Amino acid sequence: MSFELLKRAGGGGGGGHAPEDPSADIENVDVQHYLGWIWVAFVGVFTLYQLVFHLIRYIRTVVCLNNDTQRYFSTPHVLFANFRKHCLDAPLFKTRHHREFKLSSAINIGTLPSRLQTFMLVGYFGTNVGLAVWKVDFGKDYSVVAGEIRNRTGVMAVINMIPLFLLAGRNNPIIKLTQISFDTMNLIHRWFGRIVVLEALTHTFAWVAYKVHTVGWSAVQAAITNKKSDFIWTGLMGTVAFTFLLIQSPSAIRHAFYESFLIGHIIGAAIAVAGVWIHLNNRHQQQMVYGVVALWVMERSWRLLRILIRNVGKGGTKADVEVLPGDALRVTVRMARPWTFRPGQHAYLTIPSVGLHTNHPFSLAWSEEEEDLNITNMTADEKGLPMNRQDILEKRKTSMSFIVRRRTGFTEKLYKKADLSAAGRFTCNAFVEGPYGGEDLSSYGTVMLWAAGIGITHQVPHVRELVAGYANGTVATRRLTLVWIIQSPEHLEWIRTWMTHILSMPRRREILKILLFVTRPRSTKEIHSPSSSVQMFPGRPNIQALIDQEMQEGIGAACVSTCGTGALSDDLRKAIRQRETNWNVDFREESFSW
Ligand SMILES: Cc1cc2nc3c(=O)[nH]c(=O)nc-3n(C[C@H](O)[C@H](O)[C@H](O)COP(=O)(O)OP(=O)(O)OC[C@H]3O[C@@H](n4cnc5c(N)ncnc54)[C@H](O)[C@@H]3O)c2cc1C
């Protein structure tokens, strides 16, 4: 066997091995290709799916602009409806998907993946197990088998590091191509991580088994402590770092100590990559580690660049933080260079004076064009020349607002600072990174938006966009229902000014209905419906009844979107799936968590 081939295919792990079958090294190269093609196929299928549906939505919008019945679009294609009901929208078993398993109110130990997610993850896991032993002849000598397993799993662990690192980034291009949410990307990232750890451990144990079988335990110790070679101890360092990452990342730890988890995770990942990099010195597989590092550096640089572009210069980004009733804050940011606001976007907020470098995701709930106060009363520029319309538009600044619910970390500190400030508000420097996400619901004849508590921040921009689109004749939407479940009427204050604006928009009575459910009213006097299109009820909604009503009275294709608790998502999914074979309805969920 040529040494070059051995190096190319991952052989030679540890030196001094029994002769191995040269074809085993070629098979390892094949395994890398198979895994690579599986990812390409996965991304390709989902990208194609998105493209087709993008086209369908576009055509539907155009043909429905002047169509008030949209009957053709209200019934689903039988085959697709069944696929949606039993696979795409299905929970793993009966109902549960987003509702967390909790040991106590503070300890969250995770959620169950959906049926499609489970199918994909178990499929990929099974493929990895299959490929790890593919064409390994277990009838051969113990040391040969151990050597082959060692090389195979080593090669597989390294190649799986590429998607592992790619999917960890919030700017990963696969989100754009496939429209798979960052939340799901995180789930896949966690499973790839588990697979890499298992492969790294198998690689290490197969090496130990080989050494012990051929030379004895003393050889294991000698190889690890060998000062003349970095090969073994750096490999061991990589495996130990990967195992540490597995141990420190269960849901309970992630959710309870997010910042500590994140710092530990980044340091652990850097040590693992450094270990594997040196371990693979002069080996072909090192190129894959270059790829991993390049992906990481590109993602971080892109994030930094976006932060600099949006926030540096032109007076920087300022945030007005204001206390609201019901343990919440309104944070209004005026960015140095704002982006075009779209419903469904979120951004990461950093306020150094409160949370140092930490950044937290919040949904963009509202945007407003504000004229720069310094020029509001000016009609001439500094040189005394009259300002034209373009000059004035350029001087306008877009402000964007978040509603932030008080939790126990950064949001708690921010709340306390605002609460102690004069009039319950203060202004500070901030950095906003974004935008991420964005959704267009204009192709649906019927849109039903559900929110629980702070989840309303995700839905308010859709309401404004669709009511405006209806009045302008630029959307297919003819029926829009917002269902908001809150614990107390004081939560209405979070969006009162924005709702007042929406309720005064032209033709909003023709399209918008708002149902408010107050689960813990202090007295029945608090519950009163301002009008027939804005109704307030005590208690929880009957989800199935509301979904059925929407199905009967709805127009054309429908979309039900939810943002709030996991339990609400699960109950809605259940109610929708009961009707999915008779109703052309898309279900979209945002969980504010990963
Ligand atoms: C896409 C998205 C949009 C969101 N939009 C809103 C919104 O509009 N309004 C709102 O009030 N909340 C929103 N959240 C939730 C918000 O990000 C967290 O409540 C906030 O980061 C908690 O900060 P904390 O330090 O006070 O949290 P803690 O009290 O320490 O933890 C509370 C929870 O927040 C999670 N969390 C903490 N820090 C982060 C972080 N940096 N990134 C992600 N999760 C974190 C923890 O895992 C834990 O589950 C959104 C979350 C996501 C993922």
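Every read-out reported here was derived from the displayed coordinates using simple, explicitly stated rules and does not represent laboratory data. Here the structure is a predicted model, which means the values were calculated and not measured. Don't worry about glycine lacking a Cβ; one is built from the backbone with ideal geometry, like all the others, and counts go over all protein chains shown.
In table form, for the structure just shown:
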{"item": "Computed lengthening from T427 to S301, 0.36 nm per intervening residue step minus Cα-Cα distance", "result": "42.5 nm"}
{"item": "Extension gain, F119 back to K176 (0.36 nm per residue minus Cα-Cα distance, nm)", "result": "18.3 nm"}
{"item": "Normalised convex hull volume, the chain, alpha-carbon set, Å³ per residue", "result": "201 Å³"}
{"item": "Where a label projected 7 Å from the Cα of R407 along Cα→Cβ would reach, residues of segment 342-359 with amide N under 19 Å", "result": "345-359"}
{"item": "At R0 = 35 Å, FRET efficiency that the Cβ-Cβ distance of S488 and S249 yields, to 0.05", "result": "0.45"}
{"item": "Reachable lysines from K417, criterion Cα separation under 22 angstrom, eight or more residues apart if same chain", "result": "K318"}
{"item": "Cα-based Rg of segment 458-534 normalised by 2.2 N^0.38 Å, two decimals", "result": "1.16"}
{"item": "Using alpha carbons only: equivalent-ellipsoid semi-axes of segment 446-590, gyration tensor based, whole Å", "result": "22, 20, 13"}
{"item": "Within the chain, helix-based [θ] at 222 nm, where runs of 4 or more DSSP H residues each add -39,500 (n - 2.57), nearest 500", "result": "-16500 deg cm²/dmol"}
{"item": "Residue-count net charge about G110 - beta-carbon cut-off 15 Å; Lys, Arg +1, Asp, Glu -1", "result": "+3"}
{"item": "Cβ-Cβ FRET estimate between V29 and K314, R0 fixed at 41 Å, reported to 0.05", "result": "0.20"}
{"item": "Distance in nm between pseudo-label sites at K227 and T519 (7 Å out along the Cβ direction from Cα)", "result": "6.4 nm"}
{"item": "Extended-chain gain in nm, criterion 0.36 nm per residue less alpha-carbon gap, V212 and T340", "result": "39.8 nm"}
{"item": "Proxy reagent accessibility, fewest Cβ within 10 Å first, across E148, E465", "result": "E465, E148"}
